[in-house]
Amino acid sequence: MENSIYLDEARDPLIIAEGWMKDGKDVAIATVVETWGSAPRPVGSHLVIDADGNFHGSVSGGCVEGAVVSEAIDVIDGGKARMLEFGVADETAWQVGLSCGGRIKVYVERLG
Amino acid sequence: MDPYALKTLNAERRARRAAILVTDLGDGRDRIVREGDQVAGDLGAAIARAFRTGNSGSVEAEGRTFFLNAHLPQPRLVVIGAVHISQALAPMAKIAGYPVEIIDPRTAFATPDRFPDVALHAEWPEDVLKRQPLDSYTALAAVTHDPKVDDFALKAALDANCFYVGALGSRKTHAKRVERLLALGASADQIARIHAPIGLDIGAASPAEIAVAVLAQAINAFRSRGLDASASAPKSKSISEKHDA
């Protein structure tokens with residue numbers, strides 16, 4: 001409800017990613033492309049990551065960001081985009097998961 | 001993501017213009033589509049829908065899967081007139097997700113006491129709108145009844161293609177207003193976009209009820225952007241004149 005009509009440039013992931021790019025950093029962009037059930041962040045949300053593992057934004061309530069960051073660093077190195085899927089925390093299926101019970105699909109791509 | 005696409009997207013977002021990043025999830029290629037750009041076929045229809053709703057999502061088209069990330073500016077409401085209706089309209093619009101600014105040069109009306117927690121400008125619309133121009137993601141409701149205050153803002157709202165333009169006043173009052181706006185250089189087509197008398201016809205009687213009618217009409221205008229007349233909801237009727245006089 002406290003939406004500003006202007007971008008919050010200091011916290012906006014896509015603005016930060018552009019700034020990193022201008023600084024000559026390698027950057028990956030992760031985007032929530034699909035959600036099922038009670039996902040904490042809506043479709044279209046971004047997490048941006050640099051090659052050192054710095055990140056801004058979110059794709060969940062903090063549940064899977066760690067895993068996305070490490071995948072993103074691989075994507076920066078390899079260049080090929082990946083589709084990640086996270087579900088309910090379940091040791092047999094995933095190391096990390098969403099305790100809220102939802103499922104999300106996250107597309108991770110390199111910038112440039 | 002293409003660096004040029006990111007730069008373009010951020011430039012559009014900074015300028016409060018809508019844009020959609022279209023990514024082919026098969027090969028990772030992406031491009032920016034601006035509002036009004038023509039895109040054919042199923043993909044074009046999905047893009048048009050995403051501009052209207054602001055919802056992002058995947059779409060199957062041409063045998064491929066595309067992800068559409070819709071970036072719409074935050075819609076907002078500018079109210080000309082720090083009157084009783086505005087006191088109810090400001091908090092309700094904020095709750096509905098439309099940040100509000102109120103402009104009224106009459107300092108007796110535009111007091112922080114009467115309008116706590118609202119961006120309030122005790123200045124002429126001419127001065128405020130020069131600093132913070134209107135745009136197509138802004139709704140404007142003119143509710144002072146005073147041509148000296150309302151007219152400039154109404155003309156500016158029509159020129160900026162505000163998604164909603166409403167003006168308080170009876171049909172008789174509005175007929176005179178139409179003459180003045182024509183004299184200011186507004187076209188008949190532009191003037192036809194003004195909702196007057198203002199508000200949906202819900203039989204609103206109190207200032208707060210009129211505020212509900214205005215807010216609902218503005219939301220209706222926002223959610224039917226880009227729909228042609230045949231596809232849009234029935235044209236909203238206005239509340240009865242007796243509330244406007």
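Values in this text are rule-based calculations from the coordinates and carry no lab data. A quick note: this is a predicted structure, and the numbers were derived from the prediction, not measured. Neighbour counts run over all protein chains shown; Cβ positions are idealised from the backbone, glycine included.
From the cross-link list B:Lys94/B:Lys148; A:Lys25/A:Lys105; B:Lys94/B:Lys172; B:Lys130/B:Lys176, which pairs have alpha carbons spaced over 29 Å apart?
With Cα atoms farther than 29 Å apart: B:Lys94/B:Lys172.
Taking +1 at the Cβ of each Lys and Arg and -1 at the Cβ of each Asp and Glu, which of B:Val178, A:Gly57, A:Leu111 sits farthest along the dipole of the protein assembly as shown towards its positive end, judged by Cα position relative to the Cα centre?
Working it through, the farthest residue towards the positive pole turns out to be B:Val178.
Would you mind classifying the range B:119-164 by shape? Square roots of the alpha carbon gyration tensor eigenvalues, ordered a ≥ b ≥ c; an a/c under 1.5 is rounded, otherwise it is prolate if a/b is larger than b/c and oblate if not. Spell out each step's value before the answer.
Values: a/c = 1.64, a/b = 1.23, b/c = 1.33.
Oblate.
How tilted is helix B:207-223 with respect to the longest principal axis of chain B? Cα atoms for both, answer in degrees (0 to 90, nearest 10).
30
Please order B:Phe152, B:Phe66 by the number of other Cβ within 10 Å, starting at the fewest.
Values: B:Phe152 17, B:Phe66 21.
Sorted ascending by nearby Cβ count, the order is B:Phe152, B:Phe66.
Taking a ≥ b ≥ c as the square roots of the Cα gyration tensor eigenvalues, with a/c under 1.5 meaning rounded and otherwise prolate when a/b beats b/c, else oblate, which class fits the range B:3-71?
On the way: a/c = 1.97, a/b = 1.31, b/c = 1.50.
Here the range B:3-71 falls in the oblate category.
Collect residues whose amide H, placed 1.01 Å from N in the peptide plane, falls under 5 Å from the amide H of A:Glu34; neighbours closer than 5 in sequence don't count.
Here A:Lys105 satisfy the definition.
To the nearest whole number, what is the average tally of beta carbon atoms from other chains within 10 Å of the beta carbons of peptide B:65-78? Please list the in-between numbers first.
Details: counts 1, 0, 8, 3, 9, 2, 2, 0, 3, 5, 2, 3, 0, 0.
Mean partner-chain Cβ count within 10 Å for B:65-78: 3.
Please label the shape of chain B as rounded, prolate or oblate, based on the square roots a ≥ b ≥ c of the eigenvalues of the alpha-carbon gyration tensor (a/c under 1.5 means rounded; beyond that, a/b larger than b/c means prolate, else oblate). If you can, show how the numbers build up before the last one.
Numbers: a/c = 2.16, a/b = 1.86, b/c = 1.17.
Here chain B falls in the prolate category.
About the Cα centre of chain B, what is the dipole size in debye to 20, counting +1 per Lys and Arg Cβ and -1 per Asp and Glu Cβ, all else neutral? Mind dumping the intermediate values first?
Values: 30 positive and 29 negative charges, 55 e Å.
Approximately 260 debye in magnitude.
If you place +1 on the Cβ of every Lys and Arg, -1 on the Cβ of every Asp and Glu, and leave all else neutral, what size is the dipole of the range A:10-52 about its Cα centre, to the nearest 20 Debye? Numbers along the way, then the final one.
On the way: 4 positive and 7 negative charges, 32 e Å.
In debye, rounded to 20, the range A:10-52 gives about 160.
Calculate how steeply helix B:3-14 sits against the longest principal axis of the alpha-carbon atoms of chain B, using the helix alpha-carbon long axis, and give the answer as 0 to 90 degrees to the nearest 10.
Helix B:3-14 and the main axis of chain B meet at about 10 degrees.
Post the alpha-carbon centroid distance, the range B:159-193 to the range B:11-42, in whole angstrom.
Result: 34 Å between the Cα centres.
Taking the 0 to 90 degree range and rounding to the nearest ten, how far is the long axis of helix B:41-53 tilted relative to the main principal axis of chain B, both from C-alpha atoms?
Around 30 degrees separate the two axes.
Placing unit charges on C-beta atoms (Lys and Arg positive, Asp and Glu negative, everything else neutral), compute the dipole magnitude of the range B:3-71 about its Cα centre in debye, rounded to 20.
Numbers: 11 positive and 9 negative charges, 96 e Å.
Value, rounded to 20: 460 debye.
Pick from B:Val39, B:Val214, B:Val143: which residue has the top mean-square fluctuation in a GNM of chain B where Cα pairs under 10 Å get a spring?
B:Val39
Around A:Gly61, what is the net charge, scoring Lys/Arg as +1 and Asp/Glu as -1 over all other residues with Cβ under 15 Å from its Cβ? Don't jump to the answer; show the numbers that get you there.
Values: positive: A:Arg41, A:Arg103; negative: A:Glu65.
Residues close to A:Gly61 contribute a combined charge of +1.
Answer with one residue from B:His71, B:Gln132, B:Gly41: the one whose Cα lies farthest towards the positive end of the charge dipole of the protein assembly as shown, charges on Cβ with Lys, Arg +1 and Asp, Glu -1.
Ranked along the dipole, the leading option is B:Gln132.
Hey, can you grab everything whose amide H is under 5 Å from the amide H of B:Phe109? Only 5+ residues off in sequence or another chain; H modelled, so Pro and N-termini drop out.
Answer set, sorted by chain and number: none.
Please give the FRET efficiency for B:Arg223 paired with B:Thr111, using the beta carbon to beta carbon distance and R0 = 41 Å, rounded to the nearest 0.05. Kindly include the intermediate steps, with their values, before the conclusion.
On the way: r = 34 Å, r/R0 = 0.82.
That pair, B:Arg223 with B:Thr111, gives E of 0.75.
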